[in-house]
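Here is the structure we will look at, set down as structure tokens.
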Amino acid sequence: MSGPQAENGQSLLIGRTIDHLATPAFVVDLDVVKANCERMLARAQKGGLHLRGQTKTHKTVEGAIYQTGGTRRGLVTSTLVESEMYANAGFDDILYGYPILSTHMQRNLKLAQKLESYHLMVTNKESIQILLANPPPPGKKWSVFMKIDCGNSREGFWWSDQDCIEAALEIRKYPAVMTLQGTYVHCGNTYKSQDSNQVEKTRDETIKMLIGVSKRMSEHGIKFDNIGIGSTPSCSHDSALYAQISEIHPGNYVFYDAQQEKLGSCGMGDVAGKVLTRVIGHSVRRNQLLVDCGFSALTKQGFQELDQSFARVEGHPMLKLCDMTQEIGKVGWDLDDSINFDDFPVGSTLSLIPYHACATAAMYPVYYVHQNQMIKEEWRPCRGW
């Protein structure tokens, strides 16, 4: 829930330190968010690339302003609610990066009418038929990206299949209805890597596959402007092959998390989004702290990857969040001796670094944004689909 408000609607928490927050709370370091976004924009500029930031990690207007460097142009969303929120907030050049469904087309039509540049994702041949059955707004065409699967094994045309070429040729048959903007690959398979070297190897192999697709399409006279790859691990390091593509579309980098740190995408100091939790009890017999963060406030992902802990406990590497019920977490001690419970009195706070920021942030209706622990803003993400 949101914090207390004055009669004029202003939050009474603005200007106070984060230790005044009711917990669990999702807290965001504004300076770290700014630095993460500026660094990714600089990397894109250095490589001669357009940065089309994915917004699904934060789903806020404020975060997208930092992602676009204030231009409010060039985003990819994962839900229609995000697309609609950004359109209403004055953003443009938005790609709805999700398979096309007939039940979505009325909302897509309104967005295409409202925006100068609104793009859809063709992930299969059925997508093309849906577009043909739903004419674009008068004077416009459906602008589409083709989703290519280069090893992520999710939606999209397999990069070496003839279906890929046939779909592009099918799009070209209807120039009055739709136009192909480019190809799009999500390098989600980089998350299977053990370190940054494997990430870079997978990314560069993906770029080579994508270039191969583009050459095959060119041989059939199929032309388009954009060749893009994405995922935060694949875009957190430079590549000599960037010269052969035009666009990157990472998203998690806005907040980063413990998973990204393990993959070498960032350092722990780059993680902007954390969960603030309070000690609510001690179990001397089990040598555990009880905290008010259960699995309704923190993703259960990453337990094995973080050595039997659901999160990193900031500043306390020997503490492990070893178990969670819906509203309560159990924090154990990774040593043979006992916890000094005097160091963690009931009511004191701990800061948890989530394994997956996207899944954890999605559990909160408000993010408390701070500078040097002082609350400066409240960001309210959109929710739903």
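For the chain, what is the calculated [θ] at 222 nm in deg cm²/dmol (nearest 500), taking -39500 (n - 2.57) for each run of four or more DSSP H residues and dividing by its residue count?
On the way: 10 runs with 102 residues, N = 385.
Helix-only estimate at 222 nm: -8000 deg cm²/dmol.
Each 5 Å bin from 0 upward holds the following percent of the Cα-Cα pairs of segment 269-340: 4, 16, 28, 28, 17, 6, 1, 0. Per-residue Karplus couplings for segment 293-304, computed as 6.51 cos²θ - 1.76 cosθ + 1.60 with θ equal to phi - 60°, are listed in order as 10, x, 6, 8, 10, 7, 4, 8, 5, x, 4, 5 Hz, Gly and Pro entered as x. Among the trypsin sites (Lys or Arg not before Pro) in segment 189-244, those located in a DSSP loop and surrounded by at most 16 other Cβ atoms within 10 Å of their own Cβ are Lys223. Taken over segment 47-255, the convex hull of the Cα atoms encloses 113 Å³ per residue. For the pair segment 138-167 and segment 276-309, the centres of their Cα atoms are 42 angstrom apart.
Comparing Val27, Val271, Val81 in a Gaussian network model of the chain, where Cα atoms under 10 Å apart are tied by springs, the biggest mean-square fluctuation is seen for Val81. For the chain, the longest principal axis of the C-alpha atoms and the axis of helix 196-219 are separated by about 20°.
Work through the residues other than His119 whose Cβ is under 10 Å from its Cβ and net out their charges, Lys, Arg +1 and Asp, Glu -1.
0
So for the chain, averaging the separation of alpha carbon pairs under 8 Å that are six or more residues apart and normalising by length, what relative contact order in percent results? Provide the component values of the computation, followed by the final result.
Values: 806 pairs, mean separation 80.3, N = 385.
RCO, the chain: 21 percent.
May I ask for the angle, rounded to the nearest 10°, between helix 30-46 and the longest principal axis of the chain, with both axes built from Cα atoms and the value confined to 0 to 90°? Approximately 30 degrees, to the nearest ten.
The simple Förster model, with R0 at 22 Å and r as the Cβ-Cβ distance, assigns His316 and Lys34 a FRET efficiency of 0.25.
Determine, for Val369, Val331, the number of other Cβ atoms within 10 Å of each Cβ, and report the residues in order from fewest to most. List each step's numbers first, then the result.
Working: Val369 23, Val331 27.
Going from least to most buried by this count: Val369, Val331.
Restricting the GluC sites (Glu not before Pro) of segment 291-385 to loop positions (DSSP other than H, G, I, E, B) with no more than 16 neighbouring Cβ atoms within 10 Å leaves Glu305, Glu314, Glu327.
Here the Gaussian network model covers the chain, with springs between Cα atoms less than 10 Å apart; of Gly294, Gly302, Gly269, Gly269 fluctuates the most.
The ranking of His104, His237 from fewest to most other beta carbons within 10 Å of each one's beta carbon is His237, His104.
Normalising the average separation of contacting C-alpha pairs (under 8 angstrom, six or more residues apart) by the number of residues puts the relative contact order of segment 47-255 at 21 percent. Need the full-extension length gain, Ser117 to Phe341, defined as separation in residues times 0.36 nm minus the C-alpha distance. One decimal, nm. The span from Ser117 to Phe341 would gain 74.9 nm if fully extended.
Please find the FRET efficiency linking Glu219 to Asn134, where r is the Cβ-Cβ separation and R0 is fixed at 30 Å, and quote it to the nearest 0.05.
Details: r = 31 Å, r/R0 = 1.04.
Given R0 = 30 Å and the Cβ-Cβ separation, E is 0.45.
Computed over the chain, the alpha-carbon pair-distance distribution with 20 angstrom bins reads 27, 52, 19, 2, each value a whole percent.
Modelled this way, with points 7 Å down the Cα-to-C-beta line, the labels at Leu12 and Gln244 are 6.1 nm from one another.
Defining a contact as two alpha carbons under 8 Å apart and six or more residues distant in sequence, what relative contact order in percent does segment 263-385 show? If you can, show how the numbers build up before the last one.
On the way: 216 pairs, mean separation 33.3, N = 123.
With pairs under 8 Å counted, the relative contact order is 27 percent.
Only lysine pairs 8 or more places apart or on separate chains count here, and in segment 47-255 those with Cα atoms under 17 Å apart total 15.
Taking the Cβ of Leu75 as the center, what net charge do the other residues with Cβ under 15 Å away carry, scoring Lys and Arg +1 and Asp and Glu -1?
Details: positive: Arg52, Lys56, Lys59, Arg72, Arg73, Lys114; negative: Glu62, Glu82, Glu84, Asp92, Asp93, Glu116, Glu247.
Value of the local net charge: -1.
Given their separation in residues at 0.36 nm each and the Cα-Cα distance between them, Lys46 and Thr349 gain 105.0 nm when the chain is fully extended.
Every number here is computed from the coordinates shown, using simple stated rules; none is lab data. Please read these numbers as outputs of a predicted model, since none were measured by experiment. Positions of Cβ are generated from backbone atoms using ideal geometry, with glycine treated the same way; all protein chains shown enter the neighbour counts.
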